[in-house]
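The values are calculated or read from the model by the stated rules, or taken from the named source; none is laboratory data. Remember, predicted model here, so these are calculated numbers, not experimental data. Note that we place each Cβ from the backbone using ideal geometry, even for glycine, and neighbour counts take in every protein chain shown.
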Amino acid sequence: MSVAAEPVSYDPKSVEAAAQSYWDDKRAFEVDERSDKPKFFCLSMLPYPSGALHMGHVRNYTIGDVISRYQRMTGKNVLQPMGWDAFGLPAENAAIKNRTAPAKWTYANIEHMRSQLKSLGYAIDWSREFATCNPDYYVHEQRMFVRLLRKGLAYRKNSVVNWDPVDQTVLANEQVIDGRGWRSGAIVEKREIPQWFLRITDYAQELLDGLDDLPGWPDAVKTMQRNWIGRSEGLEISFAVEGASDVLTVFTTRPDTLMGVTFLSIAGEHPLAHKAAAASPEVAAFLEELRHGGVSEAELETQEKRGIDTGLRAVHPVTGETVPVWIANFVLMGYGTGAVMAVPGHDQRDFEFAHKYGLPIRQVIALKSPKNDDERSYDAGTWRDWYADKTREDLELVNSGEFDGLDYRGAFEALAERFERQGRGQRRINYRLRDWGVSRQRYWGCPIPVIYCGQCGAVPVPESDLPVVLPEDVTLDGVKSPIKADPEWRKTTCPQCGGAAERETDTFDTFMESSWYYARYTSPGARDMVDKRGNHWLPVDQYIGGIEHAILHLMYFRFYHKLLRDARLVDSNEPAVNLLCQGMVIADTYYRESATGGREWFNPADVEVQRDERGRAIGATLIADGQPVQIGGSEKMAKSKNNGVDPQAMVDKYGADTVRLFSMFAAPPEQSLEWNEAGVEGMARFLRRLWTQAHKHAADGAAPAADLGALTPEQKALRRKIHETIDKVGNDYGKRHSFNTAIAAVMELSNALGKFDDASGNGRALRQQALEAMVLLLNPITPHTSHALWQALGHPETLLEDVPFPQADPAALVRDSVTLAVQVNGKLRGTIEVAADAPRDLVESLARAEPNTAKFLQDATIRKVIIVPGKIVNIVAG
């Protein structure tokens, strides 16, 4: 009598090492354009090499890998590349802190993070890898900028920025904290300096219209982009300035309220503001105060409204009355004309300003037919309704002279015709979108390829002289950019006149690198940005990244694709067909109050949590000292709250497949994922159980082929379950990206198989089919384990991505009988088993006769019986 061998135990480390070695040897995920299979370009947003992967990375790249592997199993030629968004300020900060060069720090991080990505088993074509800080990459970016400069799509102008007078650099809005530089602590100034811009506004309407051609993008992202582009139709109106030759031009979307203008507001940088400052020390002092304020719209909206009368007066273009011109801290010179007509009777911001400074408030909109005194009266609380919706038909102009009684559209047309005839105004379409400022006064970025000559001005570097290489062996002192501080690097000759000249020492905004990187993946080694291979792969079929990139990155991403198209480098209009925005990874937080009132945060791995019988946290102690810690809320994993979980520690403890499985199971991709190590342990148990099921089955020898004509009811039920699972998981992967429900379906099949106690030939055949199906269905998520189990089930070592994804047999999905829930007045009272094609009268009689249901129908009058085929019978009784 033979004794069955002990099943092989599940050892993630050896399983994953073996699979990864096989993939590497076969160069399994390198692809080219010669395949006759349909292409599929799956792209996750490239990471910044900050030092180590975090769980947000793991989730993002696992989602992409699941989609990539599934699409390959359906017969696609799948490209999934990876690169590094390697320029940026964090590298400078780390270099200063660690006394090293940004390049050295960056390249070391890339090496480490690449090894982490490989340990997770992603099906990446590493032959296409690049780092955006490499001259071989950014030379193309410089070449494109030179071409845009020659076409007039790149230009230089003065722009107001946040200036740190100690660090001698421009600060982003988020780097200004309480009016001071985040690093130096110096009081930040507004300064007007020359900056380079790209004319994204030339593409504003196309960017807006193109959103209608992106059905595969989330509506939330498209709405944010529409709002950011901010198309508005209005009138540009000229106000003369009393006693001067100046003309003050404003743009308004509500010319119907023109008769309600009681003052004009201008920006502190407006020429009339400087004129007023020259004549008034008080105005000059106010402008000096404004130099220390913020420059972002968000900050201007929330700050206290402040202003000063310039002493100038503008002439109303209809009434001839004069109104005061005020400088206001909420008006930006870079938006519109830098001047705003103020209608305090119908605008919240203008109302607050007028109320503060005692300026007149005039009502010019009212209800056409007020029903009572409340509707007839006007007060500050009702302007919102009257101004917010210009399409309302129950409103009319009042106190507006010849325009009384007109609605919005009638007044708009009358005023437009009048001003255009007089040459004092015109219809205009404006956009909130502003040209993209691409200059940064930092070192660690792509040098802007421009030379400054005393004779010739700003001259582009000839394409033959590119790249302008950023020196990497530098020392940062935290104050001045090394290339600004190095006269030898700046020194050059003018390519036009041959005279002495200097290089531009600003570098590009890092959005420049991330706006075209996707296209470079398609054309490794190309002499230009993209070659003919680009049109084979583009547009991207599936793009994956966080919702936080919805506006800036994705707007520039779309804009740059149109630049590539207009340069005849690509044929398509949009860079990506489908967009998936994954949710955050969140985790519990724990802290103690410090003596100074701050909080000391503790990592969840260092805390022991006490839970009640329902699993709710009721207390926590620090493992190191056994003393209590406070339980904070669940928040996005972040260094500031010390609630991050090290992916490598999880991989070392549980294996990559377990981490991948939990990342996909814990929440749908678009929702936040709450990290829970108990859930990770649950996924580990499931994989061990599947491993044991497969090896125990394999230990009994090869299974015979199934005789489908001789299946018992139990065997038919299992076969139906197998094919229902195949059908569901295929839809969850391919159509819905609902990976958590796909995993749940496979778990259900595993449970059903665990209860299937049938050692007959057909029983073993169906067990083989079930196990093979589960291995293939899970392969996109747990590829290492599937690779090993496929061999254990009797197949030679092979690349499972080239094994076709299982297809459900329609015949197996047909049910001989169905279980129906029986309800009485909507409450479940029992179930019945009926033939799948049972007639309605039989179903109804069986439902009434069901013993528990019958008890609730005694002495009741049945008013209606509702039958949902295959699901429920609801008896309405009274």
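Worth a mention:
- Yes/no for Ala838 being part of a strand (DSSP E or B), more than 30 Å from His697 (Cβ to Cβ) and not assigned by TED's automatic domain parsing to the domain that holds Ser750: no
- Within region 614-639, residues that are on the phi < 0 side of the Ramachandran plot and touching a residue at least 60 places away in the same chain (Cβ under 8 Å) reach partners that are surrounded by 10 or more Cβ atoms within 10 Å (Cβ to Cβ) and of a type in the set (Gly, Ala, Ser) with beta carbons closer than 7 Å, at six or more positions or on different chains, in the pairs Met637/Gly56; Met637/Ala587; Met637/Gly644.
- Single condition Trp489 does not satisfy, out of (1) closer than 30 Å to Pro215 by Cβ; (2) touching a helix residue (DSSP H, G or I) at 6+ places or on another chain (Cβ under 6 Å): (1)
- Whichever residue in region 397-416 is more than 44 Å from the chain's Cα centre (by Cα) and of a type in the set (Asp, Glu) and, among such residues, is surrounded by the most Cβ atoms within 10 Å (Cβ to Cβ): Asp404
- Counting only helices (runs of 4 or more DSSP H) that sit completely within region 625-702, those holding 1 or more residues that are over 19 Å from Ala52 (Cα atoms) correspond to 656-665, 677-699.
- Within region 768-815, tally of residues that are crowded, with 20+ Cβ neighbours inside 10 Å and outside any helix (DSSP H, G or I): 6
- Conditions (1) buried (at least 17 other Cβ atoms within 10 Å of the Cβ); (2) of a type outside the set (Gly, Ala, Ser); (3) modelled with pLDDT of 90 or more: number failed by Tyr387: (3)
- Among the conditions (1) of a type outside the set (Val, Ile, Thr); (2) under 30 Å from Asn162 (Cβ atoms); (3) buried (at least 21 other Cβ atoms within 10 Å of the Cβ), the only one that Asp347 does not satisfy is (3).
- For region 599-624, taking the residues that are in a strand (DSSP E or B) and basic (Lys, Arg), the one that is surrounded by the fewest Cβ atoms within 10 Å (Cβ to Cβ) is identified as Arg611.
- Helices (runs of 4 or more DSSP H) lying entirely in region 1-98 (those with 2 or more residues that are hydroxyl-bearing (Ser, Thr, Tyr) and in contact with a strand residue (DSSP E or B) (Cβ under 7 Å, 6 or more places away or on another chain)): 55-73
Condition check ((1) touching a strand residue (DSSP E or B) at 6+ places or on another chain (Cβ under 6 Å); (2) surrounded by fewer than 18 Cβ atoms within 10 Å (Cβ to Cβ); (3) basic (Lys, Arg); (4) at pLDDT below 95) across all residues:
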| site | (1), (2), (3), (4) |
| --- | --- |
| Val221 | no, no, no, no |
| Arg226 | no, yes, yes, no |
| Thr249 | yes, yes, no, no |
| Pro255 | yes, no, no, no |
| Leu264 | yes, no, no, no |
| Ala273 | yes, no, no, no |
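- Where Gln422 falls short, out of the listed (1) surrounded by fewer than 19 Cβ atoms within 10 Å (Cβ to Cβ); (2) touching a helix residue (DSSP H, G or I) at 6+ places or on another chain (Cβ under 8 Å); (3) outside the structural domain of Asn162 (by TED's automatic domain parsing): (2)
- Asn643 vs. criteria modelled with pLDDT of 90 or more, in contact with a strand residue (DSSP E or B) (Cβ under 7 Å, 6 or more places away or on another chain) and under 28 Å from Gly546 (Cβ atoms): yes
- Answer residue from region 57-104, given it is charged (D, E, K, R) and farther than 30 Å from Thr741 by Cβ and is modelled with the lowest pLDDT among those: Lys97
- Count - residues of region 752-789 that are more than 37 Å from the chain's Cα centre (by Cα) and of a type in the set (S, T, N, Q): 4
- Answer from Asp859, Asp816 - the residue that is at pLDDT below 90, within 24 Å of Lys716 (Cβ to Cβ) and among the acidic types (Asp, Glu): Asp816
- Just one of the listed residues (Ala567, Ala519, Ala595) is among the hydrophobic types (A, V, I, L, M, F, W, C) and not assigned by TED's automatic domain parsing to the domain that holds Arg72, namely Ala595.
- The requirement of being over 23 Å from the mean Cα position of the chain (by Cα), not assigned by TED's automatic domain parsing to the domain that holds Gln116 and not aromatic (Phe, Trp, Tyr) is satisfied by Gly655.
- Checked against the criteria, Glu417 counts as without any contact (Cβ under 8 Å) to a residue 12 or more places away in the chain, assigned by TED's automatic domain parsing to the domain that holds Thr322 and out of contact with any strand residue (DSSP E or B) (no Cβ under 7 Å at 6 or more places or on another chain).
- Per-region count, region 483-514, residues under 32 Å from the mean Cα position of the chain (by Cα) and part of a loop (DSSP other than H, G, I, E, B): 4
- Top-ranked residue in region 682-707 [being of a type in the set (Gly, Ala, Ser) and either touching a helix residue (DSSP H, G or I) at 6+ places or on another chain (Cβ under 8 Å) or free of Cβ contacts under 8 Å to residues at least 24 places away in the same chain (or both); ranked as nearest to Ala656 (Cα to Cα)]: Ala684
- Residue within region 450-469 that is assigned to a helix (DSSP H, G or I), closer than 25 Å to Val160 by Cβ, of a type in the set (A, V, I, L, M) and out of contact with any Leu (no Cβ under 6 Å at 6 or more places or on another chain) present: no
- Residue count for region 308-322 satisfying the condition of being in a strand (DSSP E or B) and surrounded by fewer than 21 Cβ atoms within 10 Å (Cβ to Cβ): 5.
- Filter pass, Arg840 being of a type in the set (Lys, Arg), closer than 22 Å to Val818 by Cα, without any contact (Cβ under 8 Å) to a residue 60 or more places away in the chain and surrounded by fewer than 15 Cβ atoms within 10 Å (Cβ to Cβ): yes
- Scanning region 381-401 turns up no residue that is touching a helix residue (DSSP H, G or I) at 6+ places or on another chain (Cβ under 6 Å), under 30 Å from Lys157 (Cα atoms), not aliphatic (A, V, I, L, M) and not in a strand (DSSP E or B).
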